[in-house]
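Read-outs throughout are calculated quantities, based only on the coordinates presented, and are distinct from any laboratory measurement. Bear in mind that the values here come from a model prediction, so they are computed numbers and not experimental data. Cβ: placed from backbone, ideal geometry, glycine included. Neighbour counts: every protein chain shown.
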């Protein structure tokens with residue numbers, strides 16, 4: 001499973017941080033960060049989700065109020 005995080009869309013509610021410890025608060029920018037993710041386009045970050053973190057990743061994506069987090073399975077189909 002992989003996560004795609006559109007940081008430009010993020011509004012800094014930090015609900016993702018509460019759900020999954022892969023995200024961190026960046027109070028200076030007023031947005032979340034996804035450390036270790038690769039920036040594939042400007043402000044679009046992609047990372048693999050460890051198998052033991054899939055449930056937390058799903059919660060983080062579902063709680064994002066602006067849908068800045070998307071999850072895809074290994075076949076490329078969107079899960080959340």
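With neighbours defined as other Cβ atoms within 10 Å of a residue's Cβ, the residues 71, 44 order from fewest to most as 44, 71. Taking the C-alpha atoms only, the angle from helix 54-63 to the longest principal axis of the chain is near 50 degrees.
Taking every C-alpha pair closer than 8 Å and separated by at least 6 residues, the mean separation divided by the residue count of the chain gives a relative contact order of 40 percent.
Per-residue ellipticity at 222 nm from helix content only, as computed over the chain with -39500 (n - 2.57) for each DSSP H run of at least four residues, stands at -5000 deg cm²/dmol. Restricting the calculation to alpha carbons of segment 1-46 gives Rg and Dmax of 9.9, 30 angstrom. What the pair-distance distribution of the chain shows, using all Cα-Cα distances binned every 10 Å from zero, is 21, 60, 19, 1 percent. Taking the average, over residues, of other Cβ atoms within 10 Å as the packing measure, peptides 2-14, 22-34 rank 2-14, 22-34 from highest down.
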